[in-house]
Amino acid sequence: MSKDIVLSGIRPTGNLHLGNYYGALSKFVKLQNDYDCRFFIADLHALTTSTDPDALHQSVRGILAQYLAAGIDPEKAAIFVQSDVPELSELYLLMNMHVGIGELMRTASFKDKARKALGIKTPENDSEEAFEQQIIGASTNKRVNAGLLTYPTLMAVDILAQKARWVPVGKDQLQHLELTRRFARRFNSFYGVEEFIEPEDFQFTDKPVKVPGLDGSGKMGKSEGNCVYLIDEPKVLRKKVMRAVTDEGPQEPNSPVSEPIANLFSLLELTSTPEIVQQFKDAYADCSIRYGDLKKQLAEDILKVTDPIRERTAEILKDEAYMRKVLARGADIARAQASETLREVRHIMGIRKI
Ligand code: TYM
């Protein structure tokens, strides 16, 4: 029996951080033994926000090396670059004919990135009208590119082209996945076909993963400047963790835990043993906790995960021929599937030879 297909990708907009690792990459490594896995580097998606060609190119190489260094075995899982599969661009165009601009404009990540691109804040009244006014009516020479708006179409196509059943992602991508299912359902019912599978997110735990940042609030993200990167040098990493935001400490036994401290506990839960986590939780509960000790422990436990990845990444980056071979094999697999899907979709939509 053929195995279910798993697909996921990461944008090459810099190096990978712990959020990417626990939300996505570590799951890729676990899934490769049991599924037909395809993992890619979403360079076309990166173009929606990055404009520096050399940085993009370097980042694609870096992400590939980090995929391999983290343990993706290219003999088991296909690794490819999105732009090496040109069928995706045509499918993206065709799928856009079935996607509404309203539903795209309502996507949380679009609102967020569009405001960032224009350098405007979320207003108190974050209504649809206020947003439209800001985006369309912005009297500025900055603009929100159309690629950003249609980002979810391309992401849907990445998944649907491969006929993927499972998509391992972090919590922030769940809305995109919901749109993917909607587009698949809409296409199937519009043409009365069963062309696309409705994919689901893959989580190993009962909760989707959201890795917090070191700045006391929110999630770890490149644009938030609160990241621990997989290739951070130990000295840099320790310094970042030691500087993480904390509070004045519990004033009485069993005090509620503030957000910055809850975030440090979440990071410890991801990287440390349950015994150590419990030890610090008990120390918090009886007010004997010392945040310095907590941070030292956290830094050392993170380093146990990241240090081998950092070292292997440096080695892999030296081997251009190997990296090219990995991508060529991955592209062959991804293209074979995507071209079959494209052929079917063209036929279904009426693009046929006369
Ligand atoms: P990207 O590049 O922003 O992030 C890559 C993966 O890392 C996860 N992630 C996190 N998970 C938990 N906590 C965090 N703080 C955190 N930060 C990032 C993301 O959830 C994601 O899984 N749109 C995608 C790329 C993409 C894609 C696809 C993914 C394009 N096409 C098709 C899956 C399938 C993105 O921007 O991810």
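The values are calculated or read from the model by the stated rules, or taken from the named source; none is laboratory data. Here the structure is a predicted model, which means the values were calculated and not measured. Cβ: placed from backbone, ideal geometry, glycine included. Neighbour counts: every protein chain shown. Just the protein is used for accessible areas: all its heavy atoms, side chains included, with ligands, DNA and RNA removed. Shrake-Rupley method; radii C 1.70, N 1.55, O 1.52, S 1.80 Å.
Restricted to helices (runs of 4 or more DSSP H) entirely inside segment 92-202, those with at least 1 residues that are open to solvent by 30 Å² or more (accessible area, probe 1.4 Å) and over 27 Å from residue 51 (Cα atoms) are 128-136, 174-191. Among the residues of segment 232-243, some residue qualifies, meaning at least one is out of contact with any helix residue (DSSP H, G or I) (no Cβ under 7 Å at 6 or more places or on another chain) and within 18 Å of residue 266 (Cβ to Cβ). Of the residues making up segment 34-43, at least one is more than 13 Å from the ligand (Cβ to nearest atom), in contact (Cβ under 8 Å) with a residue 60 or more places away in the chain and under 20 Å from residue 158 (Cα atoms). Restricting attention to segment 266-283, does a residue exist that is within 30 Å of residue 82 (Cβ to Cβ) and open to solvent by 50 Å² or more (accessible area, probe 1.4 Å)? Yes, segment 266-283 contains a residue that is within 30 Å of residue 82 (Cβ to Cβ) and open to solvent by 50 Å² or more (accessible area, probe 1.4 Å).
Restricting segment 203-236 to residues that are of a type in the set (S, T, N, Q) and over 23 Å from residue 49 (Cβ atoms) leaves a set whose member that is surrounded by the fewest Cβ atoms within 10 Å (Cβ to Cβ) is 205. Here residue 249 clears all of (1) open to solvent by less than 80 Å² (accessible area, probe 1.4 Å); (2) within 16 Å of the ligand (Cβ to nearest atom) except the condition numbered (2).
Of all the listed residues (183, 196), the sole one being among the aromatic types (Phe, Trp, Tyr) and touching a Phe, Trp or Tyr at 6+ places or on another chain (Cβ under 7 Å) is 196. Listed by first and then second residue, the pairs with beta-carbon distance under 7 Å, at least 6 apart or on different chains, first residue in segment 221-236 and among the basic types (Lys, Arg), second assigned to a strand (DSSP E or B), are 222/17. Annotation: of all residues in segment 183-226 being of a type in the set (Ser, Thr, Tyr) and within 14 Å of the ligand (Cβ to nearest atom), the one that is farthest from residue 5 (Cα to Cα) is 217.
When residue 271 is tested against (1) within 30 Å of residue 62 (Cβ to Cβ); (2) in contact (Cβ under 8 Å) with a residue 24 or more places away in the chain; (3) of a type outside the set (A, V, I, L, M, F, W, C); (4) out of contact with any helix residue (DSSP H, G or I) (no Cβ under 9 Å at 6 or more places or on another chain), just one condition goes unmet, and that condition is (4).
Conditions (1) within 10 Å of the ligand (Cβ to nearest atom); (2) under 28 Å from residue 146 (Cα atoms), marked per residue:
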site: 2; (1), (2): no, no
site: 20; (1), (2): yes, yes
site: 52; (1), (2): no, yes
site: 58; (1), (2): no, yes
site: 68; (1), (2): no, no
site: 71; (1), (2): no, no
site: 90; (1), (2): no, yes
site: 102; (1), (2): no, yes
site: 105; (1), (2): no, yes
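Quick grid of which residues meet (1) surrounded by fewer than 18 Cβ atoms within 10 Å (Cβ to Cβ); (2) more than 30 Å from residue 76 (Cβ to Cβ); (3) small (Gly, Ala, Ser):
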site	(1), (2), (3)
298	no, yes, no
309	no, no, no
334	no, no, yes
342	no, no, no
349	yes, yes, no
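With respect to residue 15, is the statement that it is open to solvent by 10 Å² or more (accessible area, probe 1.4 Å) and within 12 Å of the ligand (Cβ to nearest atom) true?
The answer is yes for residue 15.
Pairs meeting the criteria (first residue in segment 162-181 and within 20 Å of residue 104 (Cα to Cα), second residue more than 10 Å from the ligand (Cβ to nearest atom) and in a helix (DSSP H, G or I), beta carbons under 6 Å, at least 6 apart or on different chains) are 175/108.
Just one of the listed residues (91, 148, 104) is touching a Lys or Arg at 6+ places or on another chain (Cβ under 8 Å) and modelled with pLDDT of 85 or more, and it is 148.
Test residue 84 against the stated conditions and say whether it is of a type outside the set (S, T, N, Q), out of contact with any Leu (no Cβ under 9 Å at 6 or more places or on another chain) and surrounded by fewer than 19 Cβ atoms within 10 Å (Cβ to Cβ). So residue 84 fails the test.
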